Amino acid sequence: MDGEKLEQYRNLATRIRAHCLRMTHRGMSGHLGSMFSMADMLAVLYTSILKVDAKNPEWPDRDRFILSKGHGGAAVFAVLAEKGFFPMEWLDTYYLDDGKLSGHISHHVPGVEFSTGSLGHGLPVAVGMALAARKDDKHHRIFCMMSDGDCNEGSTWEALMFAAQHNLDNITVIVDYNRVQALGKMADVIEMEPFAPKLELFGWAVREIDGHDCEQVEDTLSELPFEPGKPSWVLARTVKCKGVSWLEDTVGSHYGCVNDEELARALAELGVS
Amino acid sequence: MRSAFNEELLEIARKDERIFMVLADIGYGEIEPFAEAFPDRFYNCGVAEQNMTGVACGLAMEGKVSITYSIANFPTLRCLEQIRNDVCYHNQNVKIVIIGGGLAYGALGVSHHSTEDISIMRALPDMVVCCPADIKEARAATHAMIAHEGPFYYRCGYKQEPDVHAGVIDFQLGKAIQARDGADVTLIGTGTVTFRALQAAELLAAEGISARVVSMHTVKPIDREAIIAAAEETGGIVTVEEHTVCGGLGSAVAEVVAEAGLGIPFRMIGIPDTYVHIVGTHEWLLDYYGFSPEGIAATVREAL
């Protein structure tokens, strides 16, 4: 990958993080950690992978992107604003009275495919979209970004069994595998490891990557499907709240936002004034 | 009634390629013709109702019309959040069909009694709630359901239920159908138990009480005009539903009557606020809970 492109990804990921810091700070809302862990992947997805059109969000042949971890929605709002799906000023209204953007992702916002907020809802709907695309001989792809908590939900397992049964190779799951849940570390709640072999046994083609390595993210997502006839699963190892040193890998960052002093310090760490 | 529903759906699906059936391993002996005719529009999700509903919603988001179909509470309460957040909030064309509302599965026990479904489904914005009273209504309701854009709950009987209506019916969503005219009181029923209201009206006629009988097949949106006309023209209303008295047809009718300021004699015949753990056939349980023609007639007499 050329350095210029990598720089482009890094800059966009930084802007996403800066937006999220300001949005959650202004609204005194939470889930900063969940936004930061997937920021690099969102930068790559919306720059190089997803075939979407900001000027025509309803374009029938667009790739579908479902954020199943709807609590991280501010990061998707940020990247959509950066890509011109709606005016940047909307970000200033996040979580506020009569605001344009809610705490969890909403399909009332241009560019958002589906509203979530309760975990385990994304993958079944993505699977239905994948079935429809195959029936209609359409070649767009369906992406579903999920959290660790999403992987606890029974409905996710219902859907992943069904997707493998029907050989839906037009669907890709990306798990933002930061291994920190709302009440604790995954190891202390429901340990999913060995996760990749488990998924392979369930009939998915799995790749494990570093979700903060933009080059690896781009390379991996450029090789879909990983195996013809199998749905693809990217287990993207990430760090909760990556980019704010004192909040990284902390349970507290799941619900947290930053105060005035921390905002300045966090923006400085990101190199944003 | 379930056979009539499946026949109509099959006919509609022959002309309408948008129709998909998405099941959760229920429907033996009824759904096979659809599965054989349209294998690429038929999906059995296994015993997984949450996924069934999510898949149905995903298909609908791509322009399909999805039918989810199972018995009693399986396609409603088991996956209620998928119905609320996915189907209704996104206002998608998913049609939820249950076979055997109320106490239809009698002796199978509480897990198979769908006795809170009407109130729960009618609480969801954008959901239509429809409980056909007889096979004529069931056939017409199937067409109306597909023609309607948006979420739809269809409560289907599972036997060869008797006709409530003589002759041809004019079925329109949200428009009650009068099965019998009367001047002294109106029995408003929904679903297959409406037939028992009709039988009760005959008993009452023999003793000089003229009871109107109305099939309120659409509980939501409810036919306000028919309710107000019943109150003004007959002076009393008794609702009959095979469902808890908490929040169902009786409550919906009471809301209209109260808001219209009509102080009239009013009673709700339904299942009391309890789980039906006593064991018995469908018919026996209905009699036990006051749905026998004599029981309904007694409630009417008491109301008047």
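Could you check how many residues of the range B:252-289 are aromatic (F, W, Y) and farther than 27 Å from B:G100 by Cβ?
Of the residues in that region, 1 qualify.
Quick one: which residue in A:L21, A:L6, A:L80, A:L50 is touching a strand residue (DSSP E or B) at 6+ places or on another chain (Cβ under 7 Å) and either hydrophobic (A, V, I, L, M, F, W, C) or under 19 Å from A:T220 (Cβ atoms) (or both)?
After ruling out the rest, the residue left standing is A:L50.
Within the range B:89-104, identify whether any single residue is out of contact with any Pro (no Cβ under 9 Å at 6 or more places or on another chain), open to solvent by less than 10 Å² (accessible area, probe 1.4 Å) and within 11 Å of chain A (Cβ to nearest Cβ), and answer yes or no.
No, the range B:89-104 contains no residue that is out of contact with any Pro (no Cβ under 9 Å at 6 or more places or on another chain), open to solvent by less than 10 Å² (accessible area, probe 1.4 Å) and within 11 Å of chain A (Cβ to nearest Cβ).
Test B:Y275 against the criterion of being in contact with a Ser or Thr (Cβ under 9 Å, 6 or more places away or on another chain), open to solvent by 40 Å² or more (accessible area, probe 1.4 Å) and outside the structural domain of B:V128 (by TED's automatic domain parsing), and give yes or no.
yes
Among the numbered criteria (1) surrounded by fewer than 21 Cβ atoms within 10 Å (Cβ to Cβ); (2) touching a Cys at 6+ places or on another chain (Cβ under 9 Å), which one does B:Q82 miss?
With respect to (1) surrounded by fewer than 21 Cβ atoms within 10 Å (Cβ to Cβ); (2) touching a Cys at 6+ places or on another chain (Cβ under 9 Å), B:Q82 is out only on (1).
Could you grab me the full set of residues in the range A:122-138 that are facing chain B (nearest Cβ under 8 Å) and either in a helix (DSSP H, G or I) or over 24 Å from A:W59 (Cβ atoms) (or both)?
A:L123, A:P124, A:V125, A:A126, A:V127, A:G128, A:M129, A:A130, A:L131, A:A132, A:A133, A:K135
Among (1) closer than 20 Å to B:V240 by Cα; (2) modelled with pLDDT of 95 or more; (3) open to solvent by less than 10 Å² (accessible area, probe 1.4 Å), where does B:Y69 come up short?
Here B:Y69 clears every test but (1).
Specify which of the listed residues (B:R41, B:R14, B:R2) is among the basic types (K, R) and closer than 19 Å to B:H148 by Cα.
After ruling out the rest, the residue left standing is B:R14.
Taking the residues in the range B:48-66 that are over 24 Å from the mean Cα position of the chain (by Cα), under 21 Å from A:G120 (Cα atoms) and open to solvent by 10 Å² or more (accessible area, probe 1.4 Å) as candidates, determine which candidate is nearest to the other protein chains (Cβ to nearest Cβ).
B:E62
Determine if the range A:103-115 includes at least one residue that is more than 13 Å from every other protein chain (Cβ to nearest Cβ) and either within 22 Å of A:A236 (Cα to Cα) or open to solvent by 20 Å² or more (accessible area, probe 1.4 Å) (or both).
Yes, some residue in the range A:103-115 is more than 13 Å from every other protein chain (Cβ to nearest Cβ) and either within 22 Å of A:A236 (Cα to Cα) or open to solvent by 20 Å² or more (accessible area, probe 1.4 Å) (or both).
If we scan the range B:91-106, do we find a residue that is basic (K, R) and modelled with pLDDT under 95?
No: the range B:91-106 contains no residue that is basic (K, R) and modelled with pLDDT under 95.
Are any of the residues in the range A:122-138 open to solvent by 20 Å² or more (accessible area, probe 1.4 Å), over 24 Å from B:D25 (Cα atoms), in contact (Cβ under 8 Å) with a residue 12 or more places away in the chain and out of contact with any strand residue (DSSP E or B) (no Cβ under 7 Å at 6 or more places or on another chain)?
Yes, because at least one residue in the range A:122-138 is open to solvent by 20 Å² or more (accessible area, probe 1.4 Å), over 24 Å from B:D25 (Cα atoms), in contact (Cβ under 8 Å) with a residue 12 or more places away in the chain and out of contact with any strand residue (DSSP E or B) (no Cβ under 7 Å at 6 or more places or on another chain).
Return yes when B:I135 is open to solvent by 10 Å² or more (accessible area, probe 1.4 Å), in contact (Cβ under 8 Å) with a residue 40 or more places away in the chain, assigned by TED's automatic domain parsing to the domain that holds B:Y69 and β-branched (V, I, T) and no when it is not.
In short, yes.
Just the residues that are buried (at least 24 other Cβ atoms within 10 Å of the Cβ), of a type in the set (G, A, S) and in a helix (DSSP H, G or I), please, taken from the range A:139-160.
Matches in the range A:139-160: A:S155, A:A159.
Which residue is farthest from A:P228 (Cα to Cα), if the candidates are limited to the range A:139-164 and must be free of Cβ contacts under 8 Å to residues at least 40 places away in the same chain and within 8 Å of chain B (Cβ to nearest Cβ)?
A:G154
The values are calculated or read from the model by the stated rules, or taken from the named source; none is laboratory data. Treat the numbers as computed from the prediction; the structure is a model and nothing was measured. Neighbour counts run over all protein chains shown; Cβ positions are idealised from the backbone, glycine included. The protein model used for the area step is the full one, side chains on, heavy atoms only, and it has no ligands, DNA or RNA in it. Shrake-Rupley method; radii C 1.70, N 1.55, O 1.52, S 1.80 Å.
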